[in-house]
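Student: Got a structure here, written out as structure tokens. Questions coming.
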């Protein structure tokens, strides 16, 4: 089956991730949305890598995983800190800073 | 692939429609019944807010577990590549990987010294 | 070293000297003129209290040093043949980007050097005077730092070879003057005065900025040589716009109508400041600007007429106000205003007037500075009393002050053979010069300057008699401090003496064989004298008659008869004059009010006030700003939505071109 | 197939290696050095490392400019003129910024939370405060961030670009959350920065994927080479470029990707704000200029509409919204947005003058920014209560700055200088910067942009000058109740920083020539 399907899938996943960022209220879910976007991109990278028959894309994908993991670590730490302060992980509760 | 940029435009369109439509829809039709469970952070299923232990200093053990896990998890991602063509990468690969291991070890030491492993 | 050529503007500037490269070490080192006082100012400010003991002498030395350098340059320039008396010293290329280059350079020519001499000489004298005058002040060092700063900025202003550099000096003198007016800013009304001067000057600066933009837009350069060179090819309307904008700038700086009101309040500053900045030098910068921009005005007759009109109005305005003021310094300020009106008027008359405008400017610099120092000395002896109605009969108690002041008085009212006579009489003659196609001008402006001369005689004599003659009206012990007038220390009297000598002899010396006018010719061009509409003897005679009349009236009212210690109600005109003909009321409405609004709005960001302050545009802008601000609602998700929307839009923008 | 080890130029990567290495050592210091000695050790380490890095950069300047640079790790690390120039700028500015980190002022506390893990207002936090704990991890974090920046400006392929971007972002996410005071705001800012930042880098990553899909290579040079040859895939190319640039737009705070800027700048500890306002923007612009000038030229006509839109929006929105701000940090944040727009104008010159002017503008902007925020750290609120007057956090409301000029003329003078430089008044560096950028753009044919830019900067003068007017011409507000404002004396570092920044601003304003010439050499990108 055509590689294009993979691309379409990855695009859809990416969009879903975006939607999660835009629509979910819970900070951690929002963050999962971002991770989903990253992994959707990984899929695209691997597909392209296959398409072009070189490994750059796959290597890139590995690095993305690493970066994503690191991001998760920092993200969780920050979200938990906030959660401990405010007793809620809703991203809509944090809007003291505005205008 | 004909008009390969069409998917991108589609993505754009879909994203825009979903973004605005979704926001709008959830604002209009979405039930506004929040409860603790919904707003709770996910902390490996445990009760997320114990009473402030040590006067407000909260146990971040679970996150330490997560981080420690990641430290080794990531290590594998690269070690695996190195392992499969160990012979071809030769000295350069060896040195590079050792360097990488050292770098990975530093936060591990930090965590250890700061009592990250003193669970229970 | 670049050599510039002047493409001929219209006559009489075709015969202007072409700028040449400097010759001789002194011309090369002209930058020292500015650098020395500037460095000294920096030292004084940075060294702080440590330099309190010797600081003031450093200040004096710096100013004197510039004078010496200036003198040496002057000599070297006098040795040069007339054709090479316009020298351009390129300092450095300031910014060069693409084709465009901003270069910083100095222009040494008769005009600028005249100013250099005036500023540094009078300046040095006043530095010396201040050593004694500010003796009691704990901040004397800071005072001298500001004085030096002023000297440096003023020299930069007159030496600049481009409007950009001139603008820097322009701002510099403004800053220094602001700092010095507000020097005693612990007293609120002084701080207010400083702020007033600040606002008026900003309005003026606006004019200069507009002019510079217009020049840059049309000529594409801002250095004198290219701008004046391009005037010939400039259409009249552009030249007129530039001319009027420059006039606005001149009005702000030189306290000309309608921006004159700040000068009176500026007297809040220490008297030496009033003498140096608000009488001798800074306030005359406007005249310098007009004369320097002569080619532009030659190309714009309407702008020129505007200059004359402004000069005429201010001339009478200042004179009338001067007749009513009882505060000695404010009276002197009014007279300064009026005298600068004379210079403006002369500068507006075109080639016949330029030289005389500068001539009067120089002599005025001497006798007015002298009289201000005299006033300072009187205040020094009378515990800072400034109300002339509480002076009287001081002649016997402070002889030197009396004599020097008297000489200055004779000079300003234009009694031969004192300096003022030569300079002012020439202006009066020039005012009577017929203008082709508009004879009314000669008559109108001629009579204005004549009346002005009479008024000058009246109010200056009034001032002189009220202060030094008549019976004593000093404050008695009953009213507070009893007065024990006494002569001031040598450090103060000597500068007065020197200046007095100047006010006696300078005019005569410089007009022997028109030496001064010929000296200026490389800059202002040479003109054959036409005959005024009245024969010169008649003009002279009528002038003298008016002057004597004015002086006599003043004598009868203020020396021969008793002067009430409290100002009588007086006529409507008197009352109006006492209040500067209600200029403040007008300006409060026009300038200060919005200014105050502005400041307040700035503090509390009150929307209404912001709108009120910057009417019109601001309204829309703030409206938009508020809308955009609404978007900044603090919700992460809506930020993300904005970003995504932006991304989509950009993607469409990019891809739409390919579909 | 046998694997050929890539060529490594140790000298060229030395600055980067030193900075990152110092970060690692810093972490070890945190682990093994006793608490008392940590701060001192960190400071010594950091400054030694930064100075060493700077020296190394200077040492290789001439060769790099002569040879046009070298390509290392198979083209992943391109140390060419612009890269080296920006690295130098970054290191210099970091020295200043970190010095502000280190200042404890007369209050005896630095700007960071004593124990970031503690819940705000909890007993433990109070305890930590009394024990005088300090979160000295900020220094390693700053080093890691700087490392990322040094890397991104030399990134020759998309992989390096992405990794570097993340490496410079993540430490900043954390640093943002470490404010000692107003910790709720600080944490909130940190969360917002994290979420939006990772969202933006996800977009950038997808763009990178598309570009890879288009060209089959990650190297900018090869992508550029592919632009002409491959037909029918322009969609991937253009979409990829757009998303890639969007990721960078976010980092420089260009409209409409600026929303995070004001909130984060306000919430973050002021020294950190200064650090990221200056360095992050510079680094991101470094990367952007490389992308635009290496891959861009063949796409100029496709990309220009987008870039113009963003540039104009950025200048206008930044300026206009700044007009109505009443908080100093927020005003500076919006002004920094506007400045991003001005730099974009320079980028759009598409000429070597453009590059030089951008480099120069970045130096100028960085100096003034760090200086300005350094000044902000010293103006504090006070509360007079039963136990005497307590000095609290920064007093950032404009009204609190009224009359500052009378109380501490030097500080107010320095700030005025920086503001004038922002406003682009002649004789300050800002003027030279704007002048060069605008002339370059005008020569490059972007006249409409220049017009907008000039108008915007004219309007901007208003809100810069209003702060000056406020400091000098507005009488001090009489203290209502126990609330007051005071100026704390720095423990030396900040004073030096402000002085250096001020001197630099004046110097570059009076004599920009030398630096302009120097940067004029550094305008050739390696493919």
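All of the numbers you see were taken from the coordinates with simple rules; none came from a lab. Note that this is a predicted model, so its numbers are computed, not measured. Positions of Cβ are generated from backbone atoms using ideal geometry, with glycine treated the same way; all protein chains shown enter the neighbour counts.
Student: Tell me, Kirkwood radius of the stretch D:17-112 from alpha-carbon pair distances, in Å?
Tutor: Final number for the Kirkwood radius of the stretch D:17-112 is 15.2 Å.
Student: Further question on the same structure: So what is the calculated 222 nm ellipticity per residue for chain D, using -39500 (n - 2.57) for each DSSP H run with n of 4 or more, over all residues, to the nearest 500 deg cm²/dmol?
Tutor: So the helix-based figure for chain D works out to -23500 deg cm²/dmol.
Student: Which order do the peptides D:501-508, C:630-637 take when ranked by the mean count of other beta-carbon atoms within 10 Å per residue, highest first? Kindly include the intermediate steps, with their values, before the conclusion.
Tutor: Details: D:501-508: 20.8, C:630-637: 17.1.
By packing density, highest mean first, the sequence is D:501-508, C:630-637.
Student: Another question about this same structure. Once you average over the residues of A:58-66, how many Cβ atoms of partner chains fall within 10 Å of each Cβ?
Tutor: On the way: counts 1, 3, 10, 2, 6, 7, 8, 3, 8.
Mean partner-chain Cβ count within 10 Å for A:58-66: 5.
Student: Continuing with this model, one more query. Just for the Cα atoms in the stretch C:311-415, what are the lengths along the principal axes, largest first, rounded to whole Å?
Tutor: Extents along the principal axes: 47, 24, 20 Å.
Student: Take the Cα radius of gyration of the stretch C:382-536 and divide it by 2.2 N^0.38 Å, with N its residue count; two decimals is plenty.
Tutor: On the way: Rg = 20.4 Å, N = 155, 2.2 N^0.38 = 15.0 Å.
With N residues counted in the stretch C:382-536, Rg over 2.2 N^0.38 Å equals 1.36.
Student: Work out, in µm²/s and without decimals, the Stokes-Einstein translational diffusion coefficient of the stretch C:53-181 at 37 °C, 0.692 mPa s, Rh from Kirkwood over C-alpha pairs. Don't skip to the end; give the middle numbers.
Tutor: Values: Rh = 15.9 Å.
Value of D from the Cα-based Kirkwood radius: 207 µm²/s.
Student: Neighbour counts of other C-beta atoms within 10 Å: give me D:199, B:92 arranged from fewest to most.
Tutor: Working: D:199 27, B:92 14.
The order, fewest Cβ neighbours first, is B:92, D:199.
Student: Moving on to the next point. Can you list, largest first and rounded to whole Å, the semi-axes you get for the stretch D:192-241 by taking the square root of 5 times each eigenvalue of its Cα gyration tensor? Before the final figure, lay out the partial values.
Tutor: Working: eigenvalues 128, 20, 9 Å².
In descending order the semi-axes read 25, 10, 7 Å.
Student: From the mean inverse distance of alpha carbon pairs (Kirkwood) and the Cα radius of gyration, derive Rg over Rh for chain A. Don't skip to the end; give the middle numbers.
Tutor: Numbers: Rg = 16.5 Å, Rh = 14.9 Å.
That ratio is 1.11, to two decimals.
Student: Shifting gears a bit: Cα-Cα pairs above 23 Å in the stretch D:378-527: how many percent? Mind dumping the intermediate values first?
Tutor: Values: 5785 of 11175 pairs.
Everything past 23 Å amounts to 52 percent.
Student: Would you work out the relative contact order for the stretch D:363-447, in percent, from Cα pairs under 8 angstrom that are 6 or more residues apart?
Tutor: Relative contact order of the stretch D:363-447: 25 percent.
Student: Based on the alpha carbons, how large is the Rg to Rh ratio for the protein assembly as shown when Rh follows Kirkwood? Don't skip to the end; give the middle numbers.
Tutor: Working: Rg = 36.5 Å, Rh = 34.9 Å.
Checking Rg against Rh, the ratio lands at 1.05.
Student: Still on this structure, I have one more. Using a 10 Å cut-off on Cβ atoms, rank the peptides C:115-125, C:512-522, D:10-20 from the highest mean neighbour count down.
Tutor: Details: C:115-125: 25.0, C:512-522: 16.6, D:10-20: 19.9.
Per-residue Cβ counts within 10 Å, averaged per peptide and sorted highest first, yield C:115-125, D:10-20, C:512-522.
Student: Based on the mean of other beta carbon atoms within 10 Å per residue, what is the order of D:332-342, C:256-266, most packed first? Don't skip to the answer; put the middle values down first.
Tutor: On the way: D:332-342: 27.6, C:256-266: 26.1.
Listed from highest to lowest mean packing, they are D:332-342, C:256-266.
Student: Once you average over the residues of B:105-112, how many Cβ atoms of partner chains fall within 10 Å of each Cβ?
Tutor: Values: counts 2, 8, 5, 1, 5, 10, 2, 1.
The shielding value for this peptide is 4.
Student: In nm², what is the average projected area of the convex hull enclosing the Cα atoms of the stretch D:78-218? Please list the in-between numbers first.
Tutor: Values: hull surface 38.3 nm².
Averaged projected hull area, Cα only: 9.6 nm².
Student: What does the average come to when, for each residue of peptide C:80-88, you count the partner chain Cβ atoms lying within 10 Å of its Cβ? Present the calculation step by step, with values, prior to reporting the outcome.
Tutor: Working: counts 0, 0, 0, 0, 0, 0, 0, 0, 0.
Counting Cβ atoms of other protein chains within 10 Å of each residue's Cβ and averaging gives 0.
Student: Take the alpha-carbon centre of the stretch C:87-149, take the same for the stretch D:125-169, and report the distance between them in whole Å.
Tutor: The stretch C:87-149 and the stretch D:125-169 have Cα centres separated by 50 Å.
Student: Also, I was wondering about something else. State, in angstrom, two size descriptors of the stretch B:58-113 derived from its alpha carbons: Rg to one decimal place and Dmax to the nearest whole number.
Tutor: Rg, Dmax (Cα atoms, Å): 13.9, 48.
Student: Something else about it: Taking every pair of distinct Cα atoms and averaging 1/r, then inverting, what Kirkwood hydrodynamic radius in Å comes out for the stretch D:214-295? Provide the component values of the computation, followed by the final result.
Tutor: On the way: mean 1/r = 0.0700 Å⁻¹.
In the stretch D:214-295 this quantity evaluates to 14.3 Å.
Student: Where Rh is the Kirkwood radius over the Cα pairs of the stretch C:25-124, the temperature 4 °C and the viscosity 1.567 mPa s, what D in µm²/s does Stokes-Einstein return?
Tutor: Value of D from the Cα-based Kirkwood radius: 86 µm²/s.
Student: Taking each pair of different alpha-carbon atoms in the stretch D:313-457 once, compute 1/r for the pair, average those values, and report the inverse of that mean as the Kirkwood hydrodynamic radius in Å to one decimal. If you can, show how the numbers build up before the last one.
Tutor: Details: mean 1/r = 0.0614 Å⁻¹.
Its Kirkwood hydrodynamic radius stands at 16.3 Å.
Student: Listing C:85, C:462, A:50 from the residue with the fewest other Cβ atoms within 10 Å to the one with the most, what is the order?
Tutor: Numbers: C:85 21, C:462 26, A:50 14.
Exposure proxy ranking, most exposed first: A:50, C:85, C:462.
Student: Out of every Cα-Cα pair in chain D, what percent are more than 43 Å apart?
Tutor: Details: 19341 of 138601 pairs.
Cα-Cα pairs in chain D separated by more than 43 Å: 14 percent.
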